[in-house]
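The values are calculated or read from the model by the stated rules, or taken from the named source; none is laboratory data. These numbers were taken from a predicted model, which means no experiment stands behind them. When we count neighbours, we look across all protein chains shown, and the Cβ atoms used for this are built from the backbone with ideal geometry, even at glycine. Protein only, heavy atoms only, side chains kept; ligands, DNA and RNA dropped before computing areas. Shrake-Rupley method; radii C 1.70, N 1.55, O 1.52, S 1.80 Å.
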Number of protein chains: 2
Amino acid sequence: MISLEVDTAMTAPVETTTADLSAADAAKAMRDSGIGALVVLDDADEVVGIVTQSDVLGLVASATDVASATVEEICSVPVVTVDADANLLDAAELMKENSVRRLPVFDGDKLVGIVTTTDLTHYMPRLRNTILRDRPDTPKSSKIAE
Amino acid sequence: MISLEVDTAMTAPVETTTADLSAADAAKAMRDSGIGALVVLDDADEVVGIVTQSDVLGLVASATDVASATVEEICSVPVVTVDADANLLDAAELMKENSVRRLPVFDGDKLVGIVTTTDLTHYMPRLRNTILRDRPDTPKSSKIAE
C-alpha cells in the first residue's frame, strides 16, 4: 500500500485568472510566476477551465493576435481534477489517461493546489523510498528461501 | 537496485530544428507534433540548445514579435543531457537539480531521444511494480518479526 497522497507533492497555492484576461497577460502571469498554467475561475470563484503554455503556443502557431485573444478563447474545458487525498500514482494514471500534465487539486469543494508532471517527477526519488518502506511483509518468500 | 533505464521511458525519435528557424515556425512544429520542445542542432548535427514552450511563452509575455525572433535568440544553452542507460530516478533528480523538464538522451555521442516529466509521470505506476519486484530480500526484518 502506497501512502503518498497528492497533497504531499502538489504546488500550493494555485495561481488563478478570469476568462476575460488577454492571452498576452496570461502569458505574462505564467512567466512571472514561473509556472505553466493558470486555473480559470468564474465570478462565483468556481473552476471553469485551465489555460496552459500549450494553449499560448497554439495561438502563436496559428498566428493569432495574442493581445486580442482572451483566456476564454484558448483555455481547456472541462478541467480534469483530483482529490487532495488521492494516491499520487492514481494522479499519474489520471494524467496519462486524459493526456494532461496538470491537475487542479480539491479538498472537498475547495481548490487547494495544482499537481503537475514536474511535481511528480521531483517526488519520484522519495516515492521509491516510500514504496520500499511500505512494502508488504514478505514472510512467504523468506520461508521459501529457508 | 532499480533496473529501469532512461531508454525504456524516453520519447524517440526526437524532433530537432536549426537555430535560424523563426520562433513562430518553432511553435508550429511543436504544436503539429504535440510536443513541448525541439532540440537545436548546428550544421554538424551537434546539439547546441533546446527550445521549449516556455521560451515561446517568454516571447509572448515580453511582447516580442514571434515572426521575427529566431530559435537562436530564445533557446536554452547549454543543454542538460542524460545517458540512455542512466537510471530513471537519477534522470528525475537531474531535472530537479537543473530546473528543467526535458533531457535529450544520448547513447554515446548519438542523440537517441528525449525524456520528459510527462514520460516519467506515465512511467510511475510501472516504476512501482519494478521497485517492488526488484526489492532486496528481507530476511532480517522477517527474523525481527518472528
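Has segment B:115-123 got at least one residue that is over 25 Å from A:GLU93 (Cα atoms), at pLDDT 95 or above and more than 7 Å from chain A (Cβ to nearest Cβ)?
Filtering segment B:115-123 for residues over 25 Å from A:GLU93 (Cα atoms) gives none.
There is no residue in segment B:115-123 that is over 25 Å from A:GLU93 (Cα atoms), at pLDDT 95 or above and more than 7 Å from chain A (Cβ to nearest Cβ).
Is it fair to say A:PRO78 is open to solvent by 70 Å² or more (accessible area, probe 1.4 Å), away from every other protein chain (no Cβ under 12 Å) and either of a type in the set (Ser, Thr, Tyr) or more than 22 Å from B:LYS96 (Cβ to Cβ) (or both)?
Working: open to solvent by 70 Å² or more (accessible area, probe 1.4 Å): yes; away from every other protein chain (no Cβ under 12 Å): yes; either of a type in the set (Ser, Thr, Tyr) or more than 22 Å from B:LYS96 (Cβ to Cβ) (or both): yes.
For A:PRO78, the condition - open to solvent by 70 Å² or more (accessible area, probe 1.4 Å), away from every other protein chain (no Cβ under 12 Å) and either of a type in the set (Ser, Thr, Tyr) or more than 22 Å from B:LYS96 (Cβ to Cβ) (or both) - is met.
With segment B:1-90 as the region, which strands (runs of 3 or more DSSP E) entirely inside it contain at least 2 residues that are under 27 Å from A:LEU21 (Cα atoms) and touching a residue at least 12 places away in the same chain (Cβ under 8 Å)?
Where strands (runs of 3 or more DSSP E) fall fully within segment B:1-90 and carry at least 2 residues being under 27 Å from A:LEU21 (Cα atoms) and touching a residue at least 12 places away in the same chain (Cβ under 8 Å), they are B:47-52.
Taking segment A:8-44 as the region of interest, how many residues are surrounded by fewer than 18 Cβ atoms within 10 Å (Cβ to Cβ), more than 13 Å from A:GLU72 (Cβ to Cβ) and within 16 Å of the chain's Cα centre (by Cα)?
Going through segment A:8-44 one residue at a time, the tally reaches 8.
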